[in-house]
């Protein structure tokens with residue numbers, strides 16, 4: 001056991017780490033494709049690309065050539081639909097409610113650093129009654145740079161008034177771990193999230209891999225003073 005890390009804050013990526021947003025995002029994508037007379041795609045095929053944004057989801061879904069202007073139309077239609085159905089079927093991953101409650105019980109602030117736009121992130125957090133609980137919510141367009149740049153991570157620390165070296169960041173994509181490491185945070189790679197088939201999370205340089213949200217609690221207990 002290594003108790004050398006003093007934990008002052010836990011930050012989460014949103015899609016695929018804190019929340020399973022795949023049901024609503026894949027529905028919005030298929031509604032958009034159908035509206036523009038493209039074939040639908042399976043959730044299994046597109047979920048691995050959710051962490052890279054709606055534009056990448058669309059790109060991966062189109063089997064035929066498509067103009068940039070049409071892709072932009074599809075994207076805006078998708079976002080409008082998603083905004084109206086922001087949390088029809090989205091939920092906190094099993095184990096996350098208990099983890100958040102445990103952190104709050106110990107007065108350890110937690111927050112969100114996501115590349116999702118503010119337009120979608122804030123309504124989603126509000127709908128799930130998470131806004132007031134989060135000490136910081138940094139979105140893809142909150143700061144000049146988004147992940148993998150460390151600026152969003154450092155901005156969250158400034159808002160919470162903690163040092164990055166005492167923060168833990170959990171995410172399910174390589175750019176999450178890169179951003180956390182660039183900010184000198186401890187990082188955990190959430191393999192239960194939206195990994196692509198060619199992803200190699202063991203090579204991202206995270207402090208550990210977590211295969212279930214319960215593993216986050218176990219890591220905190222074993223490597224910090226927080227839960228001891």
The lone condition residue 56 fails out of (1) closer than 17 Å to residue 116 by Cα; (2) out of contact with any helix residue (DSSP H, G or I) (no Cβ under 7 Å at 6 or more places or on another chain); (3) surrounded by fewer than 20 Cβ atoms within 10 Å (Cβ to Cβ) is (2)
Which residue pairs have Cβ atoms under 8 Å apart, sit 6 or more places apart or on different chains, and have a first residue in region 119-131 that is within 16 Å of residue 89 (Cα to Cα) and a second that is assigned to a helix (DSSP H, G or I)? 120/79; 120/82; 120/83; 123/83
Just wondering, is there one or more residues in region 153-176 that are closer than 19 Å to residue 110 by Cα, in contact with a helix residue (DSSP H, G or I) (Cβ under 6 Å, 6 or more places away or on another chain) and surrounded by fewer than 19 Cβ atoms within 10 Å (Cβ to Cβ)? no
Test residue 29 against the stated conditions and say whether it is at pLDDT 95 or above and surrounded by fewer than 22 Cβ atoms within 10 Å (Cβ to Cβ). no
Just checking, which of 191, 187 is surrounded by fewer than 19 Cβ atoms within 10 Å (Cβ to Cβ), closer than 16 Å to residue 16 by Cβ and in contact with a helix residue (DSSP H, G or I) (Cβ under 7 Å, 6 or more places away or on another chain)? 191
Looking at region 103-111, is at least one residue within 15 Å of the chain's Cα centre (by Cα) and either touching a residue at least 12 places away in the same chain (Cβ under 8 Å) or over 18 Å from residue 27 (Cβ atoms) (or both)? yes
Of 147, 181, the only residue that is in a loop (DSSP other than H, G, I, E, B) and either modelled with pLDDT of 95 or more or in contact with a helix residue (DSSP H, G or I) (Cβ under 7 Å, 6 or more places away or on another chain) (or both) is 147
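The values are calculated or read from the model by the stated rules, or taken from the named source; none is laboratory data. Predicted model, so just to flag it, every value in this text is computed and none were measured. FYI the Cβ positions are ideal-geometry reconstructions off the backbone, even for glycines, and counts take in every protein chain you see.
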